[in-house]
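> Handing you a structure now.
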Amino acid sequence: MKISVYLATSVNGMISNSRNVPDWLSQEYGMGFMSICQRTKAVIMGKTTYKILAPDHLPLNDDGSLVVLTHDTSMKSPQANVLFTDKKPSEILSLLEARGHTEAVIIGGTATVDAFMKAGLVDELILVVEPVLFGKGLPLLKQDLDRRLVLLNVNKVNQNTVQLHYPCSSS
């Protein structure tokens, strides 16, 4: 199964500001976000990301699979395709494969990205670098990780925003 991470970052590598308010994201990021979610039909996120998006801004309606990593697996959603789980990344991939998915996208947050990166399950990292700086916020990764990446592509998506595309390998 192919796993992509699609996130916006500040210039200094934060994936959220300290207020957890996504008012710094460009329209182009939003369009790319919706496009990759609609293409994969399998979206993985953490509980904080879910709470920011739900109920009105979830990237999939009743189609596909929305997996939310949380310790509170008793959470409920009005959408039948939302699964709240505390399973390990490899178990989540097995679950998605059993549902017929061949690819999925991780859209946040730090703990979720960190868990999948640490498990060596991320195939590509797509970062949309927005022209902002946060003194405080959420970093891309939670734990120490040393991994050298090779830039596959740079795309200027608007006057001040670029998209960086890196393939990942577990080696």
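The values are calculated or read from the model by the stated rules, or taken from the named source; none is laboratory data. Since this is a predicted model, take the numbers as computed values, not measurements. Here the Cβ is made from the backbone with ideal geometry for all residues, glycine too, and neighbour counts use every protein chain on show. In case anyone asks, the SASA skips ligands and DNA or RNA and just uses the protein heavy atoms, side chains included. Shrake-Rupley method; radii C 1.70, N 1.55, O 1.52, S 1.80 Å.
> Starting from the stretch 88-106, keep only residues that are assigned to a loop (DSSP other than H, G, I, E, B), then list their pairs with residues that are of a type outside the set (Asp, Glu) and open to solvent by less than 70 Å² (accessible area, probe 1.4 Å) whose Cβ atoms are within a distance under 7 Å, requiring at least 6 positions of separation or different chains.
Close Cβ pairs satisfying both conditions: Arg99/Ser65; His101/Met1; His101/Lys41; His101/Ala42; His101/Ser65; Thr102/Met1.
> A follow-up question, please. In the list Ile92, Ile107, which residue meets the criterion of being closer than 23 Å to Trp24 by Cβ, in contact with a strand residue (DSSP E or B) (Cβ under 8 Å, 6 or more places away or on another chain) and at pLDDT 95 or above? Talk me through it step by step, then tell me what you get.
Values: Ile92 fails: closer than 23 Å to Trp24 by Cβ.
Sole residue among the options that is closer than 23 Å to Trp24 by Cβ, in contact with a strand residue (DSSP E or B) (Cβ under 8 Å, 6 or more places away or on another chain) and at pLDDT 95 or above: Ile107.
> I would also like to ask the following. Report yes if some residue within the stretch 25-46 is free of Cβ contacts under 8 Å to residues at least 40 places away in the same chain and buried (at least 17 other Cβ atoms within 10 Å of the Cβ); otherwise report no.
The answer is no; no qualifying residue exists.
> Shifting gears a bit: Could you tell me which residue of the stretch 47-61 is surrounded by the most Cβ atoms within 10 Å (Cβ to Cβ), considering only residues that are more than 22 Å from Leu121 (Cβ to Cβ) and of a type in the set (D, E, K, R)? Steps first, please.
We begin by selecting, within the stretch 47-61, every residue more than 22 Å from Leu121 (Cβ to Cβ); these are 51-58, 61.
The next check asks that each one be of a type in the set (D, E, K, R); those that pass are 51, 56.
Values: Lys51: 13, Asp56: 5.
Here the answer is Lys51.
> If you don't mind, there's one more thing I want to ask. Output the qualifying pairs, or none if there are none: Cβ atoms under 8 angstrom, residues six or more apart or on different chains, first residue in the stretch 50-66 and within 13 Å of Lys76 (Cα to Cα), second residue open to solvent by 60 Å² or more (accessible area, probe 1.4 Å) and in a loop (DSSP other than H, G, I, E, B).
So the pair list comes out as Pro55/Pro78.
> Restricting to the stretch 9-24, what's the tally of residues that are open to solvent by 70 Å² or more (accessible area, probe 1.4 Å) and in contact (Cβ under 8 Å) with a residue 60 or more places away in the chain?
3
> On to the next question. If you go through the stretch 59-71 one residue at a time, do you hit one that is in a loop (DSSP other than H, G, I, E, B), under 24 Å from Val128 (Cβ atoms), out of contact with any Cys (no Cβ under 7 Å at 6 or more places or on another chain) and modelled with pLDDT of 95 or more?
Filtering the stretch 59-71 for residues in a loop (DSSP other than H, G, I, E, B) gives 59-64, 70-71.
Next cut, under 24 Å from Val128 (Cβ atoms) only: 59-61, 64.
Then drop every residue that is not out of contact with any Cys (no Cβ under 7 Å at 6 or more places or on another chain), which leaves 61, 64.
Adding the requirement that they be modelled with pLDDT of 95 or more leaves 64.
There is at least one residue in the stretch 59-71 that is in a loop (DSSP other than H, G, I, E, B), under 24 Å from Val128 (Cβ atoms), out of contact with any Cys (no Cβ under 7 Å at 6 or more places or on another chain) and modelled with pLDDT of 95 or more.
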